[in-house]
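K.L.:
Got a structure for you, written out below as C-alpha cells; questions coming shortly.
The values are calculated or read from the model by the stated rules, or taken from the named source; none is laboratory data. These numbers come from a predicted model, not from an experiment. In this analysis, Cβ positions are derived from the backbone assuming ideal geometry, glycine residues included, and neighbour counts consider all displayed protein chains. The accessibility values were calculated without ligands, DNA or RNA, using every heavy atom of the protein model including side chains. Shrake-Rupley method; radii C 1.70, N 1.55, O 1.52, S 1.80 Å.
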Number of protein chains: 2
Amino acid sequence: MNYKQIVLLGDSITEYSSLHPSGLHLYLSKAYVRRLDVVNRGYDGYNTKMLKLALPNIFSSLGSAQQAGFVLFMGTNDAVIPGQLLHVPIDEFRDNMQYIIDQLLKRSKRIVLLTPAIFDKNRFQNRDKDLMAQYVNAVEKLAEKNKLPLVNLQKLFGSNLNLLSDGLHFTDEGYKRFAPQVLEAFKNLHLDPEDMPMKLPDFNDLKGKTDEEIDQLISEYIETYDGIDTLDRIDHHILRDAI
Amino acid sequence: MNYKQIVLLGDSITEYSSLHPSGLHLYLSKAYVRRLDVVNRGYDGYNTKMLKLALPNIFSSLGSAQQAGFVLFMGTNDAVIPGQLLHVPIDEFRDNMQYIIDQLLKRSKRIVLLTPAIFDKNRFQNRDKDLMAQYVNAVEKLAEKNKLPLVNLQKLFGSNLNLLSDGLHFTDEGYKRFAPQVLEAFKNLHLDPEDMPMKLPDFNDLKGKTDEEIDQLISEYIETYDGIDTLDRIDHHILRDAI
C-alpha cells in the first residue's frame, strides 16, 4: 500500500507550522488523513543557499516514499539587509529557487509556492520593506515562469500585524489566513481529498467476512485504488493547463 | 538523513486524531517536529481481525522508513456485543493483539498500548460495560506480559461523558486527557524530543559560510547525530527495565 506525501519545505515559519492548530502542517494533515502523509521539512533560519545544499539530505530523509506534492516557502531569511550573514542577493535567491524547483519537479509536478509575508519593521530592523518586495516579486515571477500555483502572503496579510506573533512569525490566525488557499491550490492540481479514495476498504465491506474474504477484499481494493493519483494518468500539460 | 517515524495504529479514534488540535497525531507531531515524523494509520471501524489482516499492507505503506515507535489502540470495535458483525471474541482479540504486537516488535521495541475508553451506553447499545471491561483487562494483561507501557483510558476518563463527542469518539478535551501521557511513555522509552538533536545543523552555525563549509558542516552533523536513537545504543533489556 502506497501513502504518498506532501512535503513542506521552508524555514522557521514552516517548521513552526506543526505548533499551531491551523499551522500548515497540521491543517493539511487534517485535510488528507487516510489519503496521504504530510511531512514537515521546515528549518528555522535557513535561507535558500542552506536549503539548496541540504536538499539531497532532505530527499534522502523521505526514503522510498513518493511525493504527491511540495510546498516551497522561502525568502524571508534571504531578504535580510545586505551585510547581515543570512542575506542572499536577489539574483542568487532567484537562481537557488529555480534550482530547488527543478529538483522538486523531478519528484512531483505539484509544487505550491508561497511568497514571503509581512513583518514588523520596528521589531525586525534587519529587514526592509522595499527589499522584501523584491523577493516577493521574484517568487511571483518564478511561479509564472514555471507555471506553478502561487499563494501571495503579502497580499493576503495586507498590513495586519496581528497575524504575526513576534513581528515575523505567524499566529494561529496567520496560518489560518493562507492554509486553506494552499489546500485549494492542491485541489486545483487534482489532489482533492474528497476525490481520493480512503486508504484500506470501508469496514462495512469487511465485517462478518472470513479471513480469506477480507484478504481478497483488501487485495482488490489495493489493486483498484492504490497509487491512484490522477497525476499518474493526466498528461503533464493538461495538469499545467488546469492551473 | 534519517527521519524515523512514530506510527499510530488503531480504529476511528486514531484516524480522527488528525482532526482535533489535541488529537494524538497532531499532538505528537507538534512535540516531535524536526525530530521525527508521526504518521496516522487509524482505520474507522476496524477490529483486530481486520487490522491484523491489513498489517502487511500497512507496513508496506511505511516504505523504507524506520520506526522509532508505535501506538497500538484497539478493542473498542472488537468489544461490540456478540452477534454484532464487528464482534471479536475475547480470546481471539487477545491472540490478534499478541500477533500484532509480535509483528510490531520486529520493527521497534517502543510500543505504547492504550486500553479502550468509555462510551455512553444510552447512545451505543451495541456495547456493554462489563463486556468492554474484559477487553480493557486483556490489554492491561498484554502490556504486563510484553512489558510494554500502558495508558489506561478507562481510568483516565472515569465517568466523564463530556470527553466524548458522540458517546464513543473523543472531543478535543478527550484527546488532551491522554495525549501527554503517551508522550510521557515515549519519553520513558528514551524518546524525549528534548534529548533528540534537531534535524540539520542550526542556521547560526551555517550563516556566512561558503558552500563548501556548509556542505562540510551538514556532513559532520549527519555523521554525528543522524540515526541517533538511544534505542540503537541501549540494550533491549535495559530499555525494558526502564519501563
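K.L.:
Kindly write out, for the range A:189-196 in residue order, the coupling ³J(HN,Hα) from the Karplus curve 6.51 cos²θ - 1.76 cosθ + 1.60 (θ = phi - 60°), rounded to whole Hz, with x marking Gly and Pro.
P.N.:
The phi angles translate into 9, 6, 9, 8, x, 5, 8, 9 Hz.
K.L.:
May I pose another question? First measure r as the distance between the Cβ atoms of B:Gln103 and B:Gln216, then evaluate 1/(1 + (r/R0)^6) with R0 = 45 Å and state the FRET efficiency to the nearest 0.05. Can you show the working numbers first?
P.N.:
Numbers: r = 41 Å, r/R0 = 0.92.
E(calc), rounded to 0.05, equals 0.60.
K.L.:
With a ≥ b ≥ c the root eigenvalues of the C-alpha gyration tensor of the range A:65-176, is it rounded (a/c under 1.5), prolate (a/b larger than b/c) or oblate? Intermediate values should be presented prior to the final figure.
P.N.:
Working: a/c = 2.08, a/b = 1.39, b/c = 1.49.
Here the range A:65-176 falls in the oblate category.
K.L.:
On the accessible surface of chain A, probed at 1.4 Å, how many percent belong to carbon and sulfur atoms? Kindly include the intermediate steps, with their values, before the conclusion.
P.N.:
Values: 4570 of 9930 Å².
Ligands and nucleic acids excluded, carbon and sulfur reach 46 percent.
K.L.:
A further question follows. Per DSSP H run of at least 4 residues, take -39500 (n - 2.57); add these up for chain A, divide by its residues and hand me the 222 nm value, nearest 500 deg cm²/dmol.
P.N.:
Working: 11 runs with 111 residues, N = 243.
After summing the helix terms and dividing by residue count, I get -13500 deg cm²/dmol.
K.L.:
Amide H to amide H, which residues 5 or more places from B:Val112 or on other chains are under 5 Å from it, using H placed in the peptide plane?
P.N.:
Under 5 Å from the amide H of B:Val112 lie the amide H atoms of B:Phe70, B:Val71, B:Leu72, each far enough along the sequence or on another chain.
K.L.:
Also, I was wondering about something else. Shortest first and in nm with one decimal, please list how far the A:Ala133 label point sits from its counterparts in the other copies (point 7 Å along Cα→Cβ).
P.N.:
Values, ascending and in nm: 7.3.
K.L.:
Rounded to the nearest 10 degrees, what's the angle between the helix B:211-225 long axis and the longest principal axis of chain B, both from Cα atoms, 0 to 90?
P.N.:
Tilt relative to chain B: about 40 degrees.
K.L.:
Additional query: Which residues' amide hydrogens lie under 5 Å from the amide hydrogen of B:Lys4, considering only partners 5 or more residues apart or on another chain, with H built in the peptide plane?
P.N.:
Amide H neighbours of B:Lys4: B:Asp37.
K.L.:
Right, something else. Compute for chains A and B the buried accessible surface, both sides summed, probe 1.4 Å, and express it in Å² to the nearest 100.
P.N.:
4300
K.L.:
Hey, what do the phi angles of the range B:57-67 turn into as Karplus ³J(HN,Hα) couplings, whole Hz, using 6.51/-1.76/1.60 and θ = phi - 60°, x for Gly and Pro?
P.N.:
5, 5, 4, 5, 5, 8, x, 8, 5, 9, 9
K.L.:
Check cross-link reach from A:Lys141 to the lysines: straight Cα distance under 21 Å, and skip same-chain residues fewer than eight apart.
P.N.:
Qualifying lysines at Cα under 21 Å: A:Lys49, A:Lys52, A:Lys106, A:Lys109, A:Lys129, A:Lys155.
K.L.:
Where the centre of each part is set by its Cα atoms, how far does the range A:21-84 sit from the range A:196-223, in angstrom?
P.N.:
Taking the Cα centre of each part, the range A:21-84 and the range A:196-223 sit 34 Å apart.
K.L.:
So, one more: Report the accessible area of B:Phe119, computed with a 1.4 Å probe over the heavy atoms of all protein chains in place, in Å² rounded to the nearest 10.
P.N.:
Number for this one is 20 Å².
K.L.:
Let me ask something else about it. Relative contact order for the range B:145-215: what is it in percent, counting Cα pairs under 8 Å that are at least 6 residues apart? Each step should come with its number before you reach the end.
P.N.:
Details: 26 pairs, mean separation 14.8, N = 71.
RCO, the range B:145-215: 21 percent.
K.L.:
Show me, for the range B:13-25, the HN-Hα J-couplings you get by feeding each phi into the Karplus relation (A = 6.51, B = -1.76, C = 1.60, θ = phi - 60°), rounded to Hz, glycine and proline as x.
P.N.:
5, 6, 3, 6, 6, 8, 9, 10, x, 9, x, 3, 4
K.L.:
Over chain A, what relative contact order in percent results from Cα pairs under 8 Å that are six or more residues apart?
P.N.:
Details: 380 pairs, mean separation 48.5, N = 243.
This gives 20 percent for chain A.
K.L.:
Moving to a separate point now. Quick one: which residues, 5+ away or cross-chain, put their amide H under 5 Å from the amide H of B:Gly42? H built at 1.01 Å from N.
P.N.:
Sorted by chain and number, the residues that satisfy this are B:Gly10, B:Glu15.
K.L.:
A follow-up question, please. Taking the Cβ-Cβ separation of A:Ile90 and A:Gln66 as r and a Förster radius of 30 Å, what is the calculated FRET efficiency to the nearest 0.05?
P.N.:
On the way: r = 34 Å, r/R0 = 1.13.
Efficiency, from the Cβ-Cβ distance: 0.35.
K.L.:
Leaving out ligands and nucleic acids, and using a 1.4 Å probe, what accessible area per residue does the range B:5-193 come to in Å²?
P.N.:
Working: 6610 Å² over 189 residues.
Counting only protein heavy atoms, the per-residue value for the range B:5-193 is 35 Å².
K.L.:
Using the basic label-point model (7 angstrom from Cα toward the beta carbon), what is the B:Ser165 to A:Asp192 distance in nanometres?
P.N.:
2.3
K.L.:
Specify the inter-centroid distance of the range B:115-181 and the range A:99-127, based on alpha-carbon positions, in whole Å.
P.N.:
The range B:115-181 and the range A:99-127 have Cα centres spaced 44 Å from each other.
K.L.:
If you line up the long axis of helix B:172-188 against the longest principal axis of chain B, both from Cα atoms, how many degrees apart are they, to the nearest 10?
P.N.:
Helix B:172-188 and the main axis of chain B meet at about 50 degrees.
K.L.:
Continuing with this model, one more query. Any idea what the B:Thr210 label distances to the other copies are, label 7 Å down the Cα→Cβ vector, nm, shortest first?
P.N.:
7.2
K.L.:
Okay, moving on. Using only Cα atoms, tell me the angle between helix A:90-105 and the longest principal axis of chain A; keep it within 0 to 90° and round to the nearest 10.
P.N.:
Between the helix axis and the principal axis of chain A, the angle is about 10 degrees.
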